[in-house]
1. Find the relative contact order for the chain and round it to a whole percent, using C-alpha pairs within less than 8 Å whose residues are 6+ positions apart.
2. Mind checking which of 339, 272, 44 has the largest fluctuation in a GNM of the chain, springs on alpha carbons under 10 Å?
3. Counting only helical runs of four or more DSSP H residues, what would the 222 nm mean residue ellipticity of the chain come to if each run contributes -39,500 (n - 2.57) and the total is spread over all its residues?
4. If each residue of separation counts as 0.36 nm, what is the full-extension length gain between residue 87 and residue 283 once their alpha-carbon separation is subtracted?
5. For the pair residue 398/residue 75, report the inter-label distance in nm, with labels modelled 7 Å from Cα in the Cβ direction.
6. For the residue pair residue 60 and residue 13, what label-to-label distance in nm results when each label sits 7 Å from Cα along the Cα-to-beta-carbon direction?
7. Express in nm, to one decimal, how much length is gained between residue 274 and residue 232 on full extension, taking 0.36 nm for each residue of separation and deducting their alpha carbon distance.
8. Where does each of 116-125, 316-325 land if you order them by average Cβ count within 10 Å, highest first?
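No lab work stands behind these numbers, since they all come straight from the coordinates. The model shown is predicted, which means the values in this text are computed figures rather than measured ones. Backbone-built Cβ (ideal geometry, glycine too); neighbour counts: all protein chains shown.
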């Protein structure tokens, strides 16, 4: 079976190889989540800092190595870089299963972040390499959907495995073995494609109108805009997965709802990816505006009501809004850089995802202190306000290159 790319066809197995890499983006840190509450019992001498490092270190390590991998794609064989990252990823999974001390788990978490950081830019970079036009936009949507679907499924699996034995959730980090096998098919497919270069870029570069790339090969001003916007939107919605369980507890709602709400949120992020082009066709030039409005409505519902169903609707609304914006920003990035620079540009944008996740708790904590508000609701009030402000700015500048779809 062959898959249309917009400039030819590729074997289905090549696409499956790319999808398998996208699935890995959801895994770093995931296996630790179901055992966080038990770690103090498993390791009585572990400090709160130790536990925080175990959960946050992968994201912290991913950021510099995502950027490094993006730069390395311009200099070395992309498949070799991918395979190195996958081997490090699998090695961390094996070492997790063998670790029985906290310092070992922390060290392996850092290694996991290194391996994950090396492969994350290639999950989108390979899409940019093979696909063009609406086919590329569709694949970015599917890539985002696969990442979030994997997150939901893997969360369920690791939860069950954690009940059996605390080491077992780390088995999910062995999934890259599949990607390693499929990477040889990617090498074969890439050998049949011309290597992007500055010379070929100049003939059909796919840049958006008015984008000036200069000697860097990237429209730096436009890239910074996309990075800041994507980072801000990620920051706005990540509050749902980070803080909603605490709000549910504060409101006296059944604690079992936390898992349901977060699953709904990630499923909602996933869903638009399967129909991204249809969403864009329906919403037209105002796609980002409507998506931001959904985020505002979603966070607003969580703030104003304790109704079980309406809070769920809020999670879905915020998730769908983000699920539309995320792949569009990836697609937009490929149009502000020459092809041989697009993977590095994508790496810069994708790094903002992990920056947002890391800074969110600190930002909320600082503004809680400033506002003298210790309630869990404050985080959602603050982010809902920022989301509304972002929507207002986007409406004012709706004809700019960033917001005009």
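1. Rounded, it is 24 percent for the chain.
2. 44
3. Result for the chain, helices only: -25000 deg cm²/dmol.
4. Length gained between residue 87 and residue 283: 66.4 nm.
5. For the pair residue 398/residue 75, the computed spacing is 4.6 nm.
6. 4.2
7. Value of the extension gain: 12.7 nm.
8. Per-residue Cβ counts within 10 Å, averaged per peptide and sorted highest first, yield 116-125, 316-325.
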